[in-house]
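Scroll down for the structure; my scribbles are underneath it.
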Amino acid sequence: MTTNINILKQQAAAKAVDLVENKMIVGLGSGTTAAYAIDMLAKRVAGGLDITAIATSEQSQEQAEKGGIRMTSLSQPTEIDITIDGADQVEKGSLDLIKGLGGALLREKMVASASKQLVIIIDERKLVDELGERSPLPVEIIPFAWEITQARISQFCPQVTLRLNPNKQPVLTDGGHFILDCQFQKIDNAANLARDLKLLPGVVETGLFVNLASLVIVAGQNGITILQKE
């Protein structure tokens, strides 16, 4: 019998939450898999775990506060002990990531970059041979003259679309920005592409997370696999 995807997400989240210890500063990711981790951390806090957390999105912030987790922010120089987050794609071997289908890529990257350890939790569907083959690459841009930014990004990607909500209006990130979704068959060099896109005027951040993941916890039909960069 095939294991339910939500059960796999819960299994990956539980393994990551086991890594959290007293007095840690914990980054809380965004998305469905990270939401399971936040709920599990809230239960541990209720049982006596003493942590302080930093959220990567307003949604995660609200969930954590409702769960009784003590929150802080990156407004003060802070080194985060561990961040637990999901991913839309994880490349085998390199453990480079694509994130941002949920729209929180900028804050997610800021928290990840301030973390001693970035632990990514996924179900096995998210593991790919090459980035780009499973889902688009989100790129966060400023709304001003977004059409020009889209045209510039088209130099690197043949299919670039503005993300719209059900009312056909541009999706706004927590920072008030737009998102362009870039469809690749594969991304040959994630580091170079991330650099080239970030150099374009109007681009705020990309969903390419290169050399950031410390561990990737993969939940699959045959159990949990823990990956480290080759």
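Here are some notes:
- Measuring against 25 Å, Cα to Cα, the residue pairs LYS92/LYS116; LYS15/LYS66; LYS109/LYS229 contain no pair spanning a longer distance.
- Loop-located trypsin sites (Lys or Arg not before Pro) in segment 171-230 whose Cβ has at most 13 other Cβ within 10 Å (DSSP): LYS186, LYS229
- Look at ARG107, ARG152 and count the other Cβ atoms within 10 Å of each Cβ; fewest to most, that gives ARG152, ARG107.
- The chain, relative contact order [Cα under 8 Å, separation at least 6], %: 22
- In segment 123-230, chymotrypsin sites (Phe, Trp or Tyr not before Pro) in a DSSP loop with at most 11 other beta-carbon atoms within 10 Å: PHE144
- Residues considered: ALA191, ALA112, ALA213. Largest GNM mean-square fluctuation over the chain, using C-alpha springs under 10 Å, is found at ALA191.
- Neighbour counting of Cβ atoms within 10 Å sorts the residues VAL204, VAL111, fewest neighbours leading, into VAL204, VAL111.
- Among LEU131, LEU200, LEU28, the largest mean-square fluctuation in a Gaussian network model of the chain (Cα springs under 10 Å) belongs to LEU200.
- ILE5 sits among other residues whose Cβ lies under 12 Å from its own Cβ, and their net charge, with Lys and Arg +1 and Asp and Glu -1, is +1.
- The ranking of SER115, SER135, SER30 by Cβ neighbour count inside 10 Å, starting from the fewest, reads SER135, SER115, SER30.
- Modelled label positions at ALA191 and ARG134, each set 7 Å beyond Cα in the direction of Cβ, lie 2.3 nm from each other.
- Taking every DSSP helix (H) stretch of at least 4 residues in the chain, weighting each as -39,500 (n - 2.57) and dividing the sum by the residue count yields a mean residue ellipticity at 222 nm of -8000 deg cm²/dmol.
Rule-based calculations on the coordinates, nothing more; no lab input. Predicted model only: the values in this text are computed from it and were never measured. Glycine also receives a Cβ, built like all others from the backbone with ideal geometry; neighbour counts cover every protein chain displayed.
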